[in-house]
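Undergrad: I have a structure here, written as structure tokens, and I will follow up with some questions on it.
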Amino acid sequence: MKRRDFIKSSGAMLAGAILPVSIVEVVVADDAPKGSENFTFAFISDSHLQQIKGTKFVRNWDMGLKKAVAECNLMNPKPDFILYGGDLGQLGKAAEIDHGAEILSALHSPMRMMLGEHDYYYDLGEHWSKRFGDKYYSFDHKGVHFIVLNSILTDEEWIHKWKTPEERMSTMAGLDDPNGSPFMVGASQRAWLKNDLSNIAKDTAIVVFSHSPLQKIYKGWNFWTDDAELIQEMLQPFDKVNVIYGHVHQIQYNQIGNISFNSVMSTAWPWPYPSTYKQAKQYLPKMTIEMNRADPFFERDATGWQFIDIHSGRVDLNYQLPNNKNRTIAFNEKSRKPEDTKYKLGDKMPPQKHY
Amino acid sequence: MKTHMIHIILGIVFVFTSTLISDEFTNNDLKVWKTQYESVVKEGRKVFTDTTLGTNTVTCNECHPNASNTHPETYPKFQKQLGKVVTIAEMINWCIANPLEGKRMAVDDARMTAIISYITEERKGVKLSPGKH
């Protein structure tokens, strides 16, 4: 089975199935480099589990994560691993992180964790690290080098200017709070990254995970990483680089030089594109075909999770959209950039029937 | 002739005084109205980010940063999911009752006025499109 056929047939079946992931076939492509292997992994992100009081949590956000976990467990074959993309909790409380760990413990595949700002700015990631370990690290899997970054750091002065940890956390938690602070990877982690990459051959496929986009989209909502260009510079010499990020709660994809960028959805709620905010200028990557506007009356609309097919060092993202047509963003070898396999730039998304 | 002159003089006096007492806004009026409006907009932002508006600590701006995707300019409109034409106040009440699991408020509740003022201010300049989906 060739890659093109795989995408075509899985795409067609995806549209009609309730639990589409159960029919995904992982195949080794005919033209794949020797020794490389096709595989899939799943990506769950931005669940924002929010404690009301004691053992009471916001039902809606809980259900989003539980649904993603259940669907991941129904995948056949199973994903090689599941990456959690950050913002497990809403206000960084130990109770929220533990509640998330409990729901995630039902997953049948190995987990890899990434930190988001909502997990961090209450106790500066102390409880999260106690539960899940390192805030940044790398690992190799089937010939691909994976890097998990902590991209949500900010300057020390901002971190220490608050009277209470709660005040700091709730300020950073408000996406549109003007008193927030831009994210960054920071100098010490950049030095670590430089060292990590120095041992990697230039033709090794690289997948970088970051919570915030490693590119500058819209500062007002922190769709932004301050030292993005410095990271991009380190990644450009490699032949195949993929950056997959959370935080934005919407589908975004674009290509900068040698780097393919893809975002993932949230299991909790979707965010409007920055272009819909009329009082500020924004620079959403032009090549993204946007998601349809969500139907608020269907609480899982425009939320979801995604499975990622690694093919010859390039990633194809399959988005599970409960109330819209599922979408696949795949790397196009001809145009050398990620593209929607169905909709071409300039096309209009089909009108929604439900809204 | 004399009467005619008196009429003319009265007419001139009338025009003159009516200019003086016409319904002009003073700078102070404008200042007061602007301050009043802006304070309600500011209050609206507070309500929009208030964790006690509903019962589950969820706030409006969690899903609607800068009130985006509230599109107040499209109301009143036929809200398919409610099966009738509604104003923005009714849609706000739906949000309070469902995602925020709270209690609907009267449409003339000061907090409702504040929310509407804030989200409309954030859409300033967008063309009015009532009925639009």
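Undergrad: Inside segment A:222-257, can you point out the residues that are over 10 Å from the mean Cα position of the chain (by Cα) and among the hydroxyl-bearing types (Ser, Thr, Tyr)?
TA: Correct list: A:Thr225, A:Tyr253.
Undergrad: Spot the failing condition for B:Met91; the list is (1) assigned to a loop (DSSP other than H, G, I, E, B); (2) more than 8 Å from chain A (Cβ to nearest Cβ); (3) without any contact (Cβ under 8 Å) to a residue 40 or more places away in the chain; (4) under 20 Å from B:Glu121 (Cβ atoms), and only one is missed.
TA: (1)
Undergrad: Still on this structure: Filter the helices (runs of 4 or more DSSP H) completely within segment A:145-200 down to those with at least 1 residues that are out of contact with any Lys or Arg (no Cβ under 6 Å at 6 or more places or on another chain), among the hydrophobic types (A, V, I, L, M, F, W, C) and over 26 Å from B:Ser68 (Cα atoms). Step through it out loud before you land on a result.
TA: Values: elements: A:156-159, A:165-173, A:187-198.
Counting at least 1 such residues, we get A:156-159, A:187-198.
Undergrad: Using the structure shown, decide if A:Ser263 is in contact (Cβ under 8 Å) with a residue 60 or more places away in the chain and buried (at least 24 other Cβ atoms within 10 Å of the Cβ). First the steps, then the outcome.
TA: Values: in contact (Cβ under 8 Å) with a residue 60 or more places away in the chain: no; buried (at least 24 other Cβ atoms within 10 Å of the Cβ): yes.
Judged against the criteria, A:Ser263 is not a match.
Undergrad: Take residues that are surrounded by fewer than 20 Cβ atoms within 10 Å (Cβ to Cβ) and tell me which of the helices (runs of 4 or more DSSP H) falling wholly in segment A:39-132 contain 2 or more.
TA: Values: elements: A:59-73, A:94-104, A:117-120, A:126-132.
Those helices (runs of 4 or more DSSP H) span A:59-73, A:94-104, A:126-132.
Undergrad: Restricting attention to segment B:94-129, and to residues there that are touching a Gly at 6+ places or on another chain (Cβ under 8 Å) and within 14 Å of chain A (Cβ to nearest Cβ), which single residue is farthest from A:Phe297 (Cα to Cα)?
TA: Ranking the candidates gives B:Glu121 first.
Undergrad: Can you name the residue in segment B:59-79 that is part of a loop (DSSP other than H, G, I, E, B) and more than 7 Å from chain A (Cβ to nearest Cβ) and, of all such residues, is surrounded by the most Cβ atoms within 10 Å (Cβ to Cβ)?
TA: Among those residues, the one meeting the criterion is B:Thr70.
Undergrad: All but one of (1) within 11 Å of chain A (Cβ to nearest Cβ); (2) of a type in the set (A, V, I, L, M); (3) under 21 Å from A:Tyr273 (Cα atoms) hold for B:Leu82; which doesn't?
TA: (3)
Undergrad: Turning to a different aspect of this structure: Take the residues of segment B:34-58 that are within 12 Å of chain A (Cβ to nearest Cβ), among the β-branched types (Val, Ile, Thr) and in contact (Cβ under 8 Å) with a residue 40 or more places away in the chain: which is nearest to B:Asp108 (Cα to Cα)?
TA: The residue in question is B:Thr55.
The numbers here are math on the coordinates, done by the rules we state, and not lab data. Nothing here was measured: the structure is a model prediction, and the numbers come from that model. Here Cβ is always computed from backbone atoms with ideal geometry, including for glycine, and neighbour counts include all displayed protein chains.
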